[in-house]
Amino acid sequence: MRQPAPNQPEEPWVDVSVPIRDGMVHWPGNPPVEIVQTEHIERGDPATVSRLSLGAHTGTHVDAPVHFIVRAAGIDRVPLDRLIGPARVLDLGEIDRIQPAHLEPVEIRPGDRILFKTGNSGRWGEKRFRSDYTYLSLEAAQLLVERGVWALGIDYLSIGGMDQGAETHRVLLAAGVVIIEGLDLSRVEPGSYDLVALPIRLEGLDGAPARVVLRRRRSKET
(Lines give C-alpha, C1' and ligand atoms only; values in the text may rest on other atoms or scores of the structure.)
Protein backbone atom coordinates (compact mmCIF):
# COMPACT_ATOMS: atom_id res chain seq x y z
CA MET A 1 0.00 0.00 0.00
CA ARG A 2 1.34 3.42 -0.90
CA GLN A 3 2.35 5.86 1.84
CA PRO A 4 0.84 9.37 2.07
CA ALA A 5 3.12 12.23 1.10
CA PRO A 6 4.46 14.31 4.02
CA ASN A 7 1.87 16.74 5.42
CA GLN A 8 -0.76 15.45 3.00
CA PRO A 9 -3.78 13.71 4.51
CA GLU A 10 -5.09 10.57 2.91
CA GLU A 11 -8.05 10.92 0.59
CA PRO A 12 -11.31 9.94 2.30
CA TRP A 13 -12.84 6.54 1.77
CA VAL A 14 -16.10 6.62 -0.17
CA ASP A 15 -18.71 3.97 0.56
CA VAL A 16 -20.11 2.80 -2.77
CA SER A 17 -22.36 0.14 -1.25
CA VAL A 18 -26.12 0.40 -1.56
CA PRO A 19 -27.77 0.54 1.91
CA ILE A 20 -29.84 -2.56 2.59
CA ARG A 21 -33.33 -1.50 3.56
CA ASP A 22 -36.70 -3.15 4.00
CA GLY A 23 -38.52 -3.56 0.70
CA MET A 24 -35.60 -2.36 -1.44
CA VAL A 25 -35.40 -3.18 -5.15
CA HIS A 26 -34.24 -6.72 -5.88
CA TRP A 27 -33.77 -9.02 -8.85
CA PRO A 28 -37.10 -10.44 -10.10
CA GLY A 29 -37.73 -13.85 -8.59
CA ASN A 30 -35.09 -13.44 -5.88
CA PRO A 31 -36.17 -13.25 -2.23
CA PRO A 32 -37.42 -9.80 -1.21
CA VAL A 33 -35.69 -7.89 1.57
CA GLU A 34 -37.51 -7.99 4.91
CA ILE A 35 -36.18 -6.41 8.09
CA VAL A 36 -38.13 -6.94 11.32
CA GLN A 37 -37.15 -5.77 14.77
CA THR A 38 -38.01 -8.76 16.91
CA GLU A 39 -36.96 -6.96 20.08
CA HIS A 40 -36.68 -3.25 20.90
CA ILE A 41 -35.61 -1.39 24.00
CA GLU A 42 -38.48 1.07 23.51
CA ARG A 43 -40.88 -1.86 23.95
CA GLY A 44 -39.23 -2.86 27.18
CA ASP A 45 -36.83 -5.42 25.79
CA PRO A 46 -33.26 -5.48 27.17
CA ALA A 47 -31.80 -4.88 23.68
CA THR A 48 -32.82 -4.09 20.13
CA VAL A 49 -32.52 -7.12 17.83
CA SER A 50 -33.42 -7.33 14.13
CA ARG A 51 -34.18 -10.26 11.85
CA LEU A 52 -32.97 -10.03 8.26
CA SER A 53 -34.45 -11.98 5.36
CA LEU A 54 -32.78 -11.45 2.00
CA GLY A 55 -31.19 -13.18 -0.95
CA ALA A 56 -27.46 -13.65 -1.33
CA HIS A 57 -27.49 -11.27 -4.31
CA THR A 58 -29.13 -8.34 -2.52
CA GLY A 59 -27.89 -4.81 -3.09
CA THR A 60 -24.12 -4.54 -3.41
CA HIS A 61 -22.80 -8.09 -3.60
CA VAL A 62 -20.13 -10.38 -5.01
CA ASP A 63 -20.90 -13.39 -7.21
CA ALA A 64 -19.19 -16.72 -6.63
CA PRO A 65 -18.35 -19.14 -9.47
CA VAL A 66 -20.91 -21.65 -8.15
CA HIS A 67 -23.60 -19.08 -8.95
CA PHE A 68 -23.46 -20.26 -12.58
CA ILE A 69 -21.00 -23.19 -12.65
CA VAL A 70 -21.87 -26.53 -11.07
CA ARG A 71 -19.60 -27.60 -8.19
CA ALA A 72 -17.43 -24.50 -8.57
CA ALA A 73 -16.07 -22.40 -5.71
CA GLY A 74 -18.38 -20.74 -3.21
CA ILE A 75 -18.12 -17.15 -2.05
CA ASP A 76 -15.88 -18.09 0.90
CA ARG A 77 -13.23 -19.29 -1.57
CA VAL A 78 -13.12 -16.20 -3.77
CA PRO A 79 -9.52 -14.86 -3.59
CA LEU A 80 -9.48 -11.66 -1.56
CA ASP A 81 -6.52 -10.30 -3.51
CA ARG A 82 -8.92 -9.89 -6.43
CA LEU A 83 -11.11 -7.64 -4.27
CA ILE A 84 -8.47 -5.54 -2.49
CA GLY A 85 -6.05 -3.29 -4.36
CA PRO A 86 -5.84 -0.67 -7.12
CA ALA A 87 -8.91 -0.24 -9.31
CA ARG A 88 -10.14 2.05 -12.04
CA VAL A 89 -13.56 3.63 -12.38
CA LEU A 90 -14.62 4.11 -16.00
CA ASP A 91 -17.51 6.51 -16.60
CA LEU A 92 -19.39 5.33 -19.68
CA GLY A 93 -22.44 7.54 -19.23
CA GLU A 94 -25.87 6.74 -20.62
CA ILE A 95 -25.51 3.71 -22.87
CA ASP A 96 -27.70 0.64 -23.22
CA ARG A 97 -24.87 -1.89 -23.01
CA ILE A 98 -21.09 -1.94 -22.77
CA GLN A 99 -19.59 -3.16 -26.03
CA PRO A 100 -15.99 -3.79 -27.13
CA ALA A 101 -15.94 -0.42 -28.90
CA HIS A 102 -16.38 1.32 -25.53
CA LEU A 103 -13.29 -0.48 -24.20
CA GLU A 104 -10.97 -0.06 -27.18
CA PRO A 105 -9.72 3.41 -26.07
CA VAL A 106 -8.91 2.04 -22.61
CA GLU A 107 -5.58 0.42 -21.76
CA ILE A 108 -6.58 -2.85 -20.11
CA ARG A 109 -3.85 -4.94 -18.52
CA PRO A 110 -3.68 -8.34 -16.82
CA GLY A 111 -4.65 -8.02 -13.17
CA ASP A 112 -6.80 -4.92 -13.65
CA ARG A 113 -9.84 -4.27 -11.50
CA ILE A 114 -12.39 -2.22 -13.42
CA LEU A 115 -15.60 -0.65 -12.13
CA PHE A 116 -18.13 0.57 -14.68
CA LYS A 117 -20.01 3.75 -13.84
CA THR A 118 -23.11 4.20 -16.00
CA GLY A 119 -26.52 5.81 -15.84
CA ASN A 120 -27.50 3.00 -13.47
CA SER A 121 -25.90 4.81 -10.53
CA GLY A 122 -28.52 7.55 -10.69
CA ARG A 123 -31.41 5.11 -10.41
CA TRP A 124 -30.92 3.56 -6.99
CA GLY A 125 -33.68 5.72 -5.54
CA GLU A 126 -36.27 3.99 -7.71
CA LYS A 127 -38.54 1.49 -5.99
CA ARG A 128 -39.10 -0.80 -8.96
CA PHE A 129 -36.66 -3.01 -10.81
CA ARG A 130 -35.53 -1.68 -14.19
CA SER A 131 -35.11 -4.25 -16.94
CA ASP A 132 -33.46 -1.65 -19.21
CA TYR A 133 -30.37 -1.25 -17.03
CA THR A 134 -26.93 -0.84 -18.61
CA TYR A 135 -25.02 -4.12 -18.73
CA LEU A 136 -21.84 -5.70 -20.08
CA SER A 137 -22.31 -7.40 -23.43
CA LEU A 138 -21.10 -10.95 -23.92
CA GLU A 139 -18.59 -9.76 -26.54
CA ALA A 140 -17.14 -7.19 -24.14
CA ALA A 141 -16.93 -9.83 -21.41
CA GLN A 142 -14.96 -12.10 -23.73
CA LEU A 143 -12.60 -9.24 -24.55
CA LEU A 144 -11.97 -8.51 -20.87
CA VAL A 145 -11.26 -12.18 -20.20
CA GLU A 146 -8.71 -12.17 -23.04
CA ARG A 147 -7.06 -9.11 -21.45
CA GLY A 148 -6.72 -10.95 -18.12
CA VAL A 149 -8.71 -8.68 -15.80
CA TRP A 150 -9.06 -9.79 -12.18
CA ALA A 151 -12.31 -8.11 -11.16
CA LEU A 152 -15.21 -6.25 -12.72
CA GLY A 153 -17.88 -4.16 -11.03
CA ILE A 154 -21.08 -2.59 -12.30
CA ASP A 155 -23.67 -0.26 -10.82
CA TYR A 156 -26.81 -2.40 -11.02
CA LEU A 157 -27.95 -5.82 -9.87
CA SER A 158 -26.42 -7.81 -12.72
CA ILE A 159 -23.37 -7.41 -14.91
CA GLY A 160 -25.15 -9.34 -17.67
CA GLY A 161 -28.27 -8.42 -19.58
CA MET A 162 -31.70 -9.96 -19.34
CA ASP A 163 -31.12 -12.09 -22.46
CA GLN A 164 -27.50 -13.34 -22.37
CA GLY A 165 -26.80 -12.62 -18.72
CA ALA A 166 -26.19 -16.22 -17.70
CA GLU A 167 -23.67 -16.77 -20.47
CA THR A 168 -21.89 -13.50 -19.68
CA HIS A 169 -21.55 -14.59 -16.06
CA ARG A 170 -20.24 -18.02 -17.03
CA VAL A 171 -17.59 -16.57 -19.35
CA LEU A 172 -16.29 -14.29 -16.59
CA LEU A 173 -16.54 -16.69 -13.66
CA ALA A 174 -14.97 -19.59 -15.55
CA ALA A 175 -11.95 -17.37 -16.23
CA GLY A 176 -11.58 -16.44 -12.56
CA VAL A 177 -12.91 -12.90 -12.97
CA VAL A 178 -14.57 -11.77 -9.73
CA ILE A 179 -17.88 -9.97 -10.29
CA ILE A 180 -19.05 -7.13 -8.04
CA GLU A 181 -22.64 -6.03 -8.66
CA GLY A 182 -24.95 -3.39 -7.24
CA LEU A 183 -22.42 -0.57 -6.80
CA ASP A 184 -23.51 3.04 -6.34
CA LEU A 185 -20.85 5.12 -8.09
CA SER A 186 -22.88 8.33 -8.22
CA ARG A 187 -20.45 10.14 -5.88
CA VAL A 188 -17.30 8.85 -7.57
CA GLU A 189 -15.44 10.48 -10.44
CA PRO A 190 -13.63 8.38 -13.02
CA GLY A 191 -10.02 7.63 -12.20
CA SER A 192 -7.74 5.45 -10.09
CA TYR A 193 -8.72 4.23 -6.63
CA ASP A 194 -7.84 1.84 -3.86
CA LEU A 195 -10.61 -0.77 -3.66
CA VAL A 196 -11.76 -2.83 -0.70
CA ALA A 197 -14.70 -5.15 -1.39
CA LEU A 198 -15.46 -7.71 1.32
CA PRO A 199 -18.34 -10.15 0.85
CA ILE A 200 -19.81 -11.82 3.92
CA ARG A 201 -18.09 -15.14 4.53
CA LEU A 202 -20.95 -17.52 3.77
CA GLU A 203 -19.70 -21.07 3.45
CA GLY A 204 -20.12 -22.52 -0.03
CA LEU A 205 -22.81 -20.08 -1.13
CA ASP A 206 -23.32 -18.60 -4.59
CA GLY A 207 -22.76 -14.99 -3.51
CA ALA A 208 -22.93 -12.60 -0.60
CA PRO A 209 -23.73 -8.96 0.19
CA ALA A 210 -20.57 -6.87 0.44
CA ARG A 211 -19.34 -3.58 1.87
CA VAL A 212 -17.36 -1.84 -0.87
CA VAL A 213 -15.28 1.30 -0.38
CA LEU A 214 -13.01 3.34 -2.65
CA ARG A 215 -10.23 5.83 -1.93
CA ARG A 216 -8.83 8.09 -4.61
CA ARG A 217 -5.20 7.38 -5.47
CA ARG A 218 -2.97 10.44 -5.76
CA SER A 219 -0.50 8.62 -7.97
CA LYS A 220 -1.27 8.10 -11.65
CA GLU A 221 -0.13 4.54 -11.26
CA THR A 222 -2.90 1.96 -11.08
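The values are calculated or read from the model by the stated rules, or taken from the named source; none is laboratory data. Keep in mind it's a predicted model, so treat the numbers as computed, not measured. Reconstructed Cβ throughout: ideal geometry from the backbone, glycine too, with neighbour counts over all protein chains shown. Remember, those area values only see protein heavy atoms, side chains included, never the ligands or the DNA or RNA. Shrake-Rupley method; radii C 1.70, N 1.55, O 1.52, S 1.80 Å.
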Carbon and sulfur: what percent of the chain's accessible surface (1.4 Å probe)?
-> 50
Beta bridges by DSSP in the chain, antiparallel share as percent, to the nearest 5 | 65
222 nm mean residue ellipticity, helices alone, for the chain (DSSP H n ≥ 4; -39,500 (n - 2.57); rounded to 500) | -3000 deg cm²/dmol
Surrounding charge for Glu34, neighbours by C-beta under 14 angstrom, Lys/Arg +1, Asp/Glu -1, total +1
Beta bridge orientation in segment 97-222: antiparallel %, DSSP, nearest 5 = 45
Farthest toward positive dipole pole in segment 1-130 [+1 Lys/Arg, -1 Asp/Glu at C-beta], among Ser17, Ile108, Ser121 = Ile108
Placing +1 on each Lys and Arg Cβ and -1 on each Asp and Glu Cβ in the chain, then taking the dipole about the Cα centre, the residue among Ile159, Thr38, Val213 whose Cα reaches farthest towards the positive end is Val213
Please report the Cα spread of segment 70-122 along all three principal axes, rounded to whole Å, starting with the longest.
-> 35, 23, 22
How much net charge surrounds Gly207 when only other residues with a Cβ under 10 Å from its Cβ are counted (Lys, Arg +1; Asp, Glu -1)?
-> -3
Report the local net charge at Gly182: Lys and Arg +1, Asp and Glu -1, summed over other residues whose C-beta lies under 11 Å from its C-beta.
-> -4
Quick calc, the chain, dipole around Cα centre from Cβ unit charges on Lys, Arg (+) and Asp, Glu (-), nearest 20 debye, gives 380
With a probe of 1.4 Å, find how much accessible area segment 16-133 has per residue, and write the answer as a whole number in Å².
-> 55
Long-range amide H partners of Arg97, meaning residues 5 or more apart or on another chain whose placed amide H is closer than 5 Å, are Tyr135
Heavy atoms of Trp124: accessible area, 1.4 Å probe, square angstrom to 10 = 30
Among [x] 18.0, 61; [y] 19.3, 74; [z] 20.6, 66, find the value of Rg and Dmax of the Cα atoms in Å that was calculated from the structure presented, and write down its label.
-> [x]
Leaving ligands, DNA and RNA out of it, work out the accessible area of Phe116 with a 1.4 Å probe and give it in Å² to the nearest 10.
-> 0
Trypsin sites (Lys or Arg not before Pro) restricted to DSSP loop in segment 90-178 with at most 15 other C-beta within 10 Å | Lys127, Arg128, Arg130
Tell me, what is a quarter of the convex hull surface for the C-alpha atoms of segment 29-130, in nm² with one decimal?
-> 10.8
Give or take rounding to whole Å, what are the principal axis extents of the alpha carbon atoms in segment 116-183, in descending order?
-> 36, 21, 14
Rounded to the nearest 10 degrees, what's the angle between the helix 165-174 long axis and the longest principal axis of the chain, both from Cα atoms, 0 to 90?
-> 70
Please report, in debye to the nearest 20, how large the charge dipole of segment 83-197 is about its Cα centre when each Lys and Arg carries +1 at its beta carbon and each Asp and Glu carries -1 there.
-> 280
Could you give the angle, 0 to 90 degrees to the nearest 10, between helix 138-147's Cα long axis and the longest principal axis of the Cα atoms of the chain?
-> 70
